[in-house]
Amino acid sequence: MESELNNLKQKILGDLEKIKDLPALRALEIKYLGRKGELTKILRGVADLAEEEKKTAGRLANELKKEITARLEQAKIELANIRSQAYADPTLPGSEVKTGQLHPITILQNEIEDLFTSLGFMVLDGPELESDYYNFTALNIPPYHPARDMQDTFYVDLTPPAPLLKGGLRGVIPSSLLMRTQTSPMQIRAMKKYGAPLRCIVPGRCFRSEATDVRHEHTFYQLEGLMIDQGINFSHLKGVLEVLGKKLFGPDTKLRMRPKFYPFVEPGSNGEYSCFLCRGQGCRVCKNTGWLEIVGCGLVHPGVLKAGGIDPSKYQGFAFGYGLDRLAMLKYNINDIRLFHGGDLKFLKQF
Ligand SMILES: [Zn+2]
C-alpha cells in the first residue's frame, strides 16, 4: 500500500510539472482528486483493508491528499499570476493620478507667512472656539460696547441664558464660549504666554453671524500681526505695512493711512494701498478712488497691553489685521467670496 501511494505521488508530481495553464491544472485535479479520481479511489479502498493495515494506510493516504491539494493550490496561484502578467498591455494609457492643490487662501497665507517669518515674526495658531473674555472684553470691548453689534457670532450655549438688560438686550456671561469673530484674541494669549518684546502673526479662521452675499460670508480668514517692544511708534507700523504692500502688489505700491476707530488700538487707522489694477487712476475694483482699503491697524491700546500682562508705560506696540479672503479676491480677481467655501473643483483648480 505504501509503495502504491508513493508511486501515485511521483506520478502526480510528474504530471504537475508539465501543466502550463489553468484548464490543464483543473483536468489534473479531477483526474486524481475528483469523485472518480485515482487518489479518491485509494482513499475509499482503505475501508476494505484489514484492521492493522487500515490505520497506517489511512494516515498515509490522507497525508498524501493534503500535500497534493496544497501543491495544486500553489500551482493555481502561480498560473494566475503568469496569466495576469501576460494580459498587461504597457501601451495602454495609464490611469490618471489625481493630485490635490493648495486653496487660493492657503497660497496667499503661505506667501505672507514667508514674508513675516523673514522679518522675525512668529506664526501662531489660536482656538476657533474662544471665550467671550478673549474675543471681546480683553480687547476693550466690554459687554455693553456697541462694537459687539458689528461682530455678532455663533455662541456655544454651555451656560444658562444671560439675563436681559434694559431695552431688551441680552447681556453676555463673561465665561460663555463663542466662535471667534477675529484673530485678535490671540494678541492677549500671545502677550500672556510670551510677554514683551513680541513679534507674531496669527493667520486663522473666523466666524460671524452674517447674511451671506458676494462680499460677506459667515466663515472667513484673517491674518493678524502684533509687534511689542520699547519705543514702538506709528512709523514702525507704516514701514511693515509698506513692505507687505510691495510684496503683495508690486514694488510701486503706495500706502496711505487714514484714522479709523477700532476699540483695541489707539490711535487706529485704515491702511489703504494704491490700486494695483489701475495704478491709482481709478477703476471698478477700487470704486474709482485709486485706493484699496485693505488693512485695519493702529497702536495697541494701553488697556489691551494691560490685559495681556504688559506694562504700557514700558512697552508699546502696533497691531494690524487683514481679511485674507478679501486679499485673495483682489489678487486673483474673484468676484464672489462664497466661492472659497463652495468646494467647486472647477473654481479651485484655477490656482
Ligand atoms: Zn483701481
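Scanning segment 256-287 for residues that are within 16 Å of the ligand (Cβ to nearest atom), basic (Lys, Arg) and closer than 24 Å to Leu299 by Cβ gives a single hit, Arg256. Given the structure, is Leu5 under 30 Å from Gly245 (Cβ atoms) and either of a type outside the set (Gly, Ala, Ser) or loosely packed, with under 13 Cβ neighbours inside 10 Å (or both)? It is false that Leu5 is under 30 Å from Gly245 (Cβ atoms) and either of a type outside the set (Gly, Ala, Ser) or loosely packed, with under 13 Cβ neighbours inside 10 Å (or both). For beta carbons closer than 6 Å, sequence separation of 6+ or different chains, a first residue in segment 275-288 that is outside the structural domain of Leu330 (by TED's automatic domain parsing) and a second that is within 6 Å of the ligand (Cβ to nearest atom) and of a type outside the set (Asp, Glu), there are no qualifying pairs. For segment 188-218, filtered to residues that are in a helix (DSSP H, G or I) and under 24 Å from the mean Cα position of the chain (by Cα), the residue that is surrounded by the fewest Cβ atoms within 10 Å (Cβ to Cβ) is Arg189.
Residues checked against (1) over 30 Å from Leu178 (Cα atoms); (2) outside the structural domain of Asp325 (by TED's automatic domain parsing):
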{"residue": "Lys41", "(1), (2)": "yes, yes"}
{"residue": "Gly58", "(1), (2)": "yes, yes"}
{"residue": "Leu119", "(1), (2)": "yes, no"}
{"residue": "Met122", "(1), (2)": "no, no"}
{"residue": "Arg148", "(1), (2)": "no, no"}
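Here Glu51 fulfils each of the conditions (1) over 55 Å from the mean Cα position of the chain (by Cα); (2) of a type in the set (Asp, Glu); (3) at pLDDT 85 or above apart from (3).
Scanning segment 227-266 for residues that are within 11 Å of Val295 (Cβ to Cβ) and hydrophobic (A, V, I, L, M, F, W, C) yields Leu237, Val240, Leu241, Leu244, Leu248, Leu255, Met257.
For Ala307, the conditions (1) more than 16 Å from the ligand (Cβ to nearest atom); (2) surrounded by fewer than 20 Cβ atoms within 10 Å (Cβ to Cβ); (3) touching a residue at least 24 places away in the same chain (Cβ under 8 Å) are fulfilled apart from (2). Annotation for segment 292-303: no member residue is free of Cβ contacts under 8 Å to residues at least 12 places away in the same chain, more than 18 Å from Gln187 (Cα to Cα), within 16 Å of the ligand (Cβ to nearest atom) and surrounded by 15 or more Cβ atoms within 10 Å (Cβ to Cβ).
The single condition among (1) surrounded by fewer than 12 Cβ atoms within 10 Å (Cβ to Cβ); (2) of a type in the set (A, V, I, L, M, F, W, C); (3) touching a Gly at 6+ places or on another chain (Cβ under 7 Å) that Ala50 does not meet is (3).
The values are calculated or read from the model by the stated rules, or taken from the named source; none is laboratory data. If you're wondering where the values come from, they're calculated on a predicted model, not measured in any experiment. In this analysis, Cβ positions are derived from the backbone assuming ideal geometry, glycine residues included, and neighbour counts consider all displayed protein chains.
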